[in-house]
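S.K.: Before anything else, here's the structure in question.
The values are calculated or read from the model by the stated rules, or taken from the named source; none is laboratory data. For clarity, every value in this text was computed on a predicted model and none was experimentally measured. FYI the Cβ positions are ideal-geometry reconstructions off the backbone, even for glycines, and counts take in every protein chain you see.
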Amino acid sequence: MSSPSLDPELLRAFVAVAEHLSFTRAAERLNRTQATVSLQVRRLEERLGSTLFRRSTARVELTAAGVDFLIDARRILALSEQAIARHSNQKVAGRIRIGVMEDYGTKVLPRLLSDVVERFPLVQIEMEIGLTAQFLKKLDPSFDAVIAMHPEGATEGELICRERAIWAAAANHAIEELDPLPVALLNPGCLFREWAVQALNQAGRPWRLAYISQSLAAVEALVAQGLAVTVVKGSMLTPGLRSVDPGRHVPRLPGAEIRLHRSETLTSSATLAIEHLTHRLRSMAPGS
């Protein structure tokens, strides 16, 4: 008797529900009915002999088995997509417009996009760096995909990874001990700026806005000189900076999530390339 196979369509339904934690959102992404997605997940659970989700009227959660299987499902789908790509490179063509925050756009995405272009030589990548909250308002007309940061527990988009928001200061300066605390932040519209101001004010910590810029690199350069503290992602702490633990000098900050948002009008070529980019991004994400 042959062992049961894993239908890619069942895997895609499972991954979509796991990433959105919603059967409704998964159905919208896959352009299927909610009943169809529920049936596909149920069939997959039957084939595996495991319960992958805990369902209630209020929420959908992955079980321990679901968390473990999500890694396998993504790997199987990625291998399938890569095999298709290797044999159909000449068919994957067109322009893909991506919006992303500055740190990911300068430190993470370049090497991944190089891999995408090598695998899909006829694909043209256009990337814009900036405040992703603004990009999301123009997702369909201006971007095919936006990689954006959200507060922990967000439901929009597809989860790529979780990040820690941390206070950063110069490696050799105890700048956090100053009163008022000098702070360097990005322009209004930056989520880390909102969190920093809110946390400082709620904690009653005296502070002053010492520097403001639209460039994260400029902010980090000033902080590295011991002139202020700022907020960065824990995985993006650059040489010359150190993490400042929350306590007497700086307050605790919320958790963050990096999420992928796709245009509703993606072409099949763009979808294949973005799936490959997303897989590579997850493999390099903190904690992966």
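S.K.: Would it be correct to say that Val197 is part of a helix (DSSP H, G or I) and closer than 13 Å to Leu253 by Cβ?
M.R.: It is true that Val197 is part of a helix (DSSP H, G or I) and closer than 13 Å to Leu253 by Cβ.
S.K.: Does Thr230 satisfy the condition of being assigned by TED's automatic domain parsing to the domain that holds Leu122, among the polar types (S, T, N, Q) and not in a strand (DSSP E or B)?
M.R.: In short, no.
S.K.: For Trp207, which of the numbered conditions (1) surrounded by fewer than 19 Cβ atoms within 10 Å (Cβ to Cβ); (2) of a type outside the set (Lys, Arg); (3) free of Cβ contacts under 8 Å to residues at least 40 places away in the same chain; (4) touching a helix residue (DSSP H, G or I) at 6+ places or on another chain (Cβ under 8 Å) fails to hold?
M.R.: Every condition holds for Trp207 apart from (1).
Here's the yes/no breakdown for (1) touching an Asp or Glu at 6+ places or on another chain (Cβ under 8 Å); (2) of a type in the set (Ser, Thr, Tyr); (3) modelled with pLDDT under 95:
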| site | (1), (2), (3) |
| --- | --- |
| Pro180 | no, no, no |
| Pro188 | no, no, yes |
| Val244 | yes, no, no |
| Glu257 | yes, no, yes |
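S.K.: Could you grab the pairs with beta carbons closer than 6 Å, sequence gap of 6+ or different chains, first residue in the range 57-74 and crowded, with 17+ Cβ neighbours inside 10 Å, second one of a type outside the set (Gly, Ala, Ser) and outside any helix (DSSP H, G or I)?
M.R.: Val60/Leu21; Val60/Phe53; Gly66/Leu52; Gly66/Phe53
S.K.: Taking Leu216 as meeting all but one of (1) crowded, with 21+ Cβ neighbours inside 10 Å; (2) at pLDDT 95 or above, write down the number of the exception.
M.R.: The single condition Leu216 does not satisfy is (2).
S.K.: To continue, here is another question. Pairs, please: C-beta under 6 Å, at least 6 apart or cross-chain, first residue not assigned by TED's automatic domain parsing to the domain that holds Ala26 and in the range 239-264, second among the polar types (S, T, N, Q)?
M.R.: Every condition considered, the pairs that remain are Leu260/Thr278.
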